[in-house]
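The numbers here are math on the coordinates, done by the rules we state, and not lab data. Note that this is a predicted model, so its numbers are computed, not measured. Here Cβ is always computed from backbone atoms with ideal geometry, including for glycine, and neighbour counts include all displayed protein chains.
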Amino acid sequence: MNGAHLFTRSDANPILTVRDLLYPANTIFNPGAALVDGETVLLCRVEDRRGISHLTVARSANGVDGWRVDPEPTFRSAPERHPEEVWGIEDPRITWLPERGQWGIAYTAYSRLGPLVSLAVTNDFRHFERLGPAMPPEDKDAALFPRRFGGRWALLHRPTHARGPANMWVSYSPDLRHWGDLSLVLEAREGAWWDADKIGSGPPPLETPEGWLIMYHGVHVTASGSLYRVGLALLDLDDPRIALRRSDEWVMGPTEASERAGDVAGVVFPCGWVVDETTGLLRIYYGAADTSVGLATARLADVLDYVLHCPRPRRLRRTDRP
Ligand code: BMA
């Protein structure tokens, strides 16, 4: 299977634009996704006309069209109680946590000192309980694993620092509030590679018999801006610090008009996916050019087959920490 043809875009793309909102805003993009009582729920990032983002829910029976969008912002930043959210909240990744019977949401809080990782939980996508910041700035692109490893929760995240590339790490917590024991999981490549210098997790890790399926974005800086594309990786089921496979090639890049033109041209940025158990289809929801929401599908079995034929990445040791 050729990675370039793994995913098929929906004919309905872009499936959501700012015109689908019932209130004025600039853009709607980078949604997290969940299946709730048989419906697809997207928790979309909406950038308002000040430039500050909040999250708004859209629901659909088939996950493709007929979206019912909340008439006002569903989850707003609360800078008076949470100063780290002063410039908004962005890019949610949603994980069902069976042990808690809740969805966990890892999102970016945009603080004065830069973006950081915050966590919240919800039972219904109407009320949200904040667990607070999990990582100091700059850190983003975080996603919770659905279960504990050796008694501890695990979080993928992407710290940025002054030296060197921005890589994917995993951290652990006994209670979703206190995080530590950091390990490097995947490194950005270098030079001309599509995923040079900056990578970050997309949708939350998906448990499969072969390992944790990871979709991640890679950034390629060009003379006319950055290109955001996505690739795949597979992490060890018992020890997600170990990457078993990683695609050399990107599997989706900005090729369509809605992905090549918009507020930030040349961006596909998935934050959510769901598996349709009846069809075996993986549905990926992504931001297109920081302006609208796109949908692409693939058979989960094909995606797994593809990733299992990808190269084994260099084994990182804990001492490889920068
Ligand atoms: C990243 C994040 C995303 C955004 C992307 C492209 O750093 O800020 O929210 O979609 O850049 O602009």
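Numbers below:
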quantity	calculated
Distant-in-sequence amide H partners of C271 (H built 1.01 Å from N, under 5 Å)	Y285, G287
FRET efficiency estimate (nearest 0.05) - Cβ-Cβ, W193 to W96, R0 51 angstrom	0.95
Neighbour-count ranking [beta-carbon atoms within 10 angstrom, fewest first] of F269, F145	F145, F269
Most to least packed among 293-303, 87-97 [average Cβ atoms within 10 Å]	87-97, 293-303
Part-to-part distance (alpha-carbon centres) for the stretch 97-158 and the stretch 247-291, which is given in Å	22
Nearest-0.05 FRET efficiency for D124 and D302, computed from C-beta distance (R0 56 Å)	0.95
Computed FRET value (nearest 0.05) for A261 with V221, which takes r as the C-beta separation and R₀ as 22 Å	0.70
Computed label-point distance, nm, for sites L131 and R147 using a 7 Å Cα→Cβ extension	1.7
Length-normalised contact order for the chain - Cα pairs under 8 Å, 6+ apart - percent	17
Gyration tensor (alpha-carbon) shape descriptor, the stretch 68-173, a/c threshold 1.5	oblate
Rounded if a/c under 1.5, otherwise prolate or oblate - the stretch 180-322, Cα gyration tensor axes	oblate
Difference of contour (0.36 nm per residue) and Cα-Cα distance, D236 to D248	2.5 nm
Prolate/oblate/rounded label for the chain (Cα gyration tensor, a/c 1.5)	rounded
Expected 222 nm ellipticity per residue - DSSP helices of 4 or more, -39500 (n - 2.57), all of the chain, to 500	-1000 deg cm²/dmol
Coil-residue GluC sites (Glu not before Pro) of the stretch 237-318, DSSP, other Cβ within 10 Å capped at 16	E249, E256, E277
Label point distance in nm, E277-D175, each placed 7 Å from Cα along Cα→Cβ	3.3
